[in-house]
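This report refers to the structure that appears directly beneath it.
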Amino acid sequence: MVIFKTQSECEDSNVSSPAVKVNSVEYHLAALLLMVHSARSAAYGRTIRLPKGLCSRMHVNLLKQVQDLFENSYGTLNHLASVRRFFSPARINLIGEHIDYCGGLVFPAAVQFGTVIIAQPNGLGTIRVVSINEPGKVEFDPAGALQRSTPPHWGDYVKGVFVEYGKVNVEVPGLDVAVGGDIPGGGLSSSASLEVGIAVLIETFTGYFSSDDNFANRQALSWLAQRAENEFVGVNCGIMDQGAIALGKENHAMLMDCSDLSISYYVVELGDYSLLIVNSCKQRRLGESAYNKRCEEVALALSILQPVFGISTLCELPIDLVNDALDRIDDPILCRRVRHVVSEHDRVSQAASRLSRGDIEGFGKLLNESHRSLQQDYEVTGHELDTLIGLAQRQPGVLGARMMGAGFGGCGLVLIKTSSIEQFSEVVGTAYRAEIGYDAEFYPVEIGPGAREIMSTNNE
């Protein structure tokens, strides 16, 4: 028997989650489903449909992979108190794309995919990290003067978090670490998942917490992880990714103010409908994309509008003043960027309101509007995403669809009638392969809790 339970919850540290027990039959079923997933027909891409609750149990397989890598890299795990295990989820953003670095409202949620981390003190004074997803071993002195790798390396995301904790005088012991993720494609914040997971690891091993209030501590942890990506890795991401992953709540979306990381939680009840991740399988590298360019463009637009309207962020500009604002900007590119930011910010508030009222159809229309704005005004979609989302929007049972994340590849989000998922996967998968030349992937979404330590015992 393998037992998983939550050791810490970001909402209430005094409430323990019930243990999730996974028997050997479920374990092997999960492994079988993974094999089926990998072997799905190339004619229409890959999809996996799981019984409710089993998605989280798939981490049994991921945990085993990470543990095997740990033992192959460092030797047999000590199964006593010195071994710590963590899970840091990915996130989706229901709506509010390219808003987080503009200081406005976004609407994310933590999901069942994520990063498993296993760590144990090594007595060497150094940090050693291996990954099932990336080659090579990262090794460094956490107290040393760390430098970003040239060329960029996945280990920079780990190093950056240690650098930020070093700035607040946290002394981290030498650790052996193994990580592994099952996050599909791009747009679900695999980098932030790793960063937040490492931050939770550091605070667990050092006992460092910025506040006695658990929510406030997770807010501080989020800002720290964001600084690691901004300042050490060199990617100008906003706070949404780290905040959603650190502060996620099961079955809830977060209306998040990116200016101060305040959050209102909304229950996600979709009735006969489900959220489906569609992966274009077009790879992108965030730092090599036009992401940073968009950050620069909105900053320039703000510098033009700020003295006129007295705003500190573009998201403070009311939607009814957007045309007046655009008249004051000569550059048509900057005009399009402003129009997206202001209209998308308005859609976030509308989406939270419609979801709370049970207006699922109205919520879906906002998703379509969001994609159109990202395509035409922010210009971050690309042929692959536009093909995939366009196909999705035309299918029976679909209420709305849009790209997620930075764009230029990666994933989208579809609001679809649950009974239509299988047919959708076949039809869209076939058409996408015919147009693009390779498969798309499809993943039903479960909304789960934020990053946390997990405990496991193996009695088999």
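When the square roots of the Cα gyration tensor eigenvalues are ordered a ≥ b ≥ c, the ratio a/c for the stretch 124-190 is 1.5 or more and a/b exceeds b/c, which makes its shape prolate. Arranged from fewest to most other beta-carbon atoms within 10 Å of their beta carbon, Asp212, Asp182, Asp386 become Asp212, Asp386, Asp182.
Other residues whose C-beta falls under 11 angstrom from the C-beta of Phe205 contribute a net charge of -2, scoring Lys and Arg +1 and Asp and Glu -1. For Lys282, the aspartates and glutamates whose Cα falls under 20 Å of its own Cα, not counting residues fewer than eight places away in the same chain, are Glu97, Glu134, Asp182, Glu379, Glu384, Asp386, Glu426, Glu435, Asp439, Glu441. Ordering Glu297, Glu229, Glu203 by the number of other Cβ atoms within 10 Å of each residue's own Cβ, fewest first, gives Glu297, Glu203, Glu229.
Taking 1 over the mean of 1/r across every pair of different Cα atoms in the stretch 273-444, what Kirkwood radius in Å do you get?
Hydrodynamic radius (Kirkwood, Cα only) of the stretch 273-444 equals 17.1 Å.
Simple spin-label estimate for Asp68 and Arg357 gives 5.2 nm between the two label positions (7 Å along the Cα-to-Cβ direction from each Cα).
For Gln147 and Leu321, a Förster radius of 45 Å and the Cβ-Cβ distance give a FRET efficiency of 0.50, rounded to the nearest 0.05.
No value in this document is a laboratory result; all are computed from the given coordinates. Small disclaimer: the values here were computed from a predicted structure and weren't measured. Here the Cβ is made from the backbone with ideal geometry for all residues, glycine too, and neighbour counts use every protein chain on show.
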